1. (1) within 28 Å of Ala217 (Cα to Cα); (2) out of contact with any Leu (no Cβ under 7 Å at 6 or more places or on another chain); (3) at pLDDT below 95: which one isn't true of Trp294, the others all being true?
2. What single numbered condition from (1) modelled with pLDDT of 95 or more; (2) within 21 Å of the chain's Cα centre (by Cα); (3) part of a loop (DSSP other than H, G, I, E, B) fails to hold for Thr252?
3. Taking the condition within 25 Å of Pro176 (Cβ to Cβ) and either under 20 Å from the mean Cα position of the chain (by Cα) or in a helix (DSSP H, G or I) (or both), does Ser268 pass?
4. Return yes or no: is Ala71 under 18 Å from Leu146 (Cβ atoms) and without any contact (Cβ under 8 Å) to a residue 60 or more places away in the chain?
5. Condition first: surrounded by fewer than 24 Cβ atoms within 10 Å (Cβ to Cβ), touching a helix residue (DSSP H, G or I) at 6+ places or on another chain (Cβ under 9 Å) and in a loop (DSSP other than H, G, I, E, B). Now tell me which residues in the range 14-33 satisfy that.
6. Here are some conditions: (1) under 20 Å from the mean Cα position of the chain (by Cα); (2) over 20 Å from Gly318 (Cβ atoms); (3) not small (Gly, Ala, Ser). Asp277 meets all but one. Which one does it not meet?
7. Among the residues of the range 283-317, which ones are over 21 Å from Asp102 (Cα atoms), in a helix (DSSP H, G or I) and in contact (Cβ under 8 Å) with a residue 24 or more places away in the chain?
8. At least 1 residues that are under 30 Å from Asp267 (Cβ atoms) and at pLDDT 90 or above in each: list the helices (runs of 4 or more DSSP H) lying fully within the range 134-220 that qualify.
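The values are calculated or read from the model by the stated rules, or taken from the named source; none is laboratory data. As the structure is a prediction and not an experimental result, all values here were calculated from the model. FYI the Cβ positions are ideal-geometry reconstructions off the backbone, even for glycines, and counts take in every protein chain you see.
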Amino acid sequence: MNSYASGDDVRVGIAGATGYTGVELVRLLTRHPRVVLSAAMGSPGAAPRYVPALKRLWDAPVNGLDLDALAEASDAVFLALPDHAAAEIAPPLVARGKRVFDLSGAFRLRDADQRRRWYPSTPDRSPAVVYGLTERYRDRLPESSLVACAGCYPTAAILALQPLLQASLIDVSGAPIVIDAKSGVSGAGKTPSERTHFSECHGSLSAYGVFDHRHAAEIEQELGTAVTFVPHLLPIDRGILETIYATLAPGTDEAAVSAVMHAAYADSPFVRVTGADLPEIKHVAHTNFCDIGWRVNAARRQIVMISCIDNLVKGAAGQAVQNFNVAFGFEEGLGLN
């Protein structure tokens, strides 16, 4: 599946090119040196329209989704569609031999009951689906036909916590891991709602989805433990900051945490381990980086971790391109640096 590594450029199509994530995909892929952007389509049934944000990147009209035309024009397809639409068109694209990178949540959950609860439109999940968090599933991407790119909140949480959990440095027998997450308004998508209206979110900070957010299931799937996940809406356009509270295993100190985190990401170009220098959203905005810092209180066996990403890049379009690069045998940062 990696014949493109030293051969022809890849013809790439995008479905859902008019949303925030779709526009970000167009921006990244039109400057990618091994990509020919061959199709940019909207949602099913959408009328053709020109998108001002894509001027001089994609000057043709963005037409409504045409599955046959998309498959004909593309070797690889990025889906930036609502869950139900992605669930419907991803399987036929894979059946036609296309490599699909799905940015919706439709195929992320492996447990059938969880999938039916959170993504009821998803058909029976194929074993060929690879969870698209590059740093964790890099070895599986080259043979993948359908990549379910990780969600934005889960990306920041999993990258921060998984190395410590795998090294048994976090005690999960007592107090739960608490993930206090805050996201810019673009994380809610482009369709306006009362919650995302400027007059509602400007100058405010609000929690939502308490005990009822589907990303909690995704986080727990990948970490293998229960978490308390509370997302908040920040009155900024992009970026995620997660403050994570956990109990350390007996005898764990800052040096042990530092050694595990640096070792885990020594070969990961887009994870920056910052230690006691706690990251901020402005450090990662418009980049594909995930910055992870922490403070340890060894006497109380407490750790507070700060994990930051740009929700539209590392949390969506950039991560999808990162997965694409690894899947096709390209340098991981191609088109992203």
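1. (3)
2. Only one criterion is unmet by Thr252, namely (2).
3. Working: within 25 Å of Pro176 (Cβ to Cβ): no; either under 20 Å from the mean Cα position of the chain (by Cα) or in a helix (DSSP H, G or I) (or both): yes.
So Ser268 fails the test.
4. Working: under 18 Å from Leu146 (Cβ atoms): yes; without any contact (Cβ under 8 Å) to a residue 60 or more places away in the chain: yes.
Here the answer is yes, as Ala71 does meet what is asked.
5. Passing the criteria: Thr18, His32.
6. Condition not satisfied by Asp277: (1).
7. His283, Val284, Ala298
8. Details: elements: 134-137, 152-166, 198-201.
In the range 134-220, 134-137, 152-166 are the helices (runs of 4 or more DSSP H) which contain 1 or more residues that are under 30 Å from Asp267 (Cβ atoms) and at pLDDT 90 or above.
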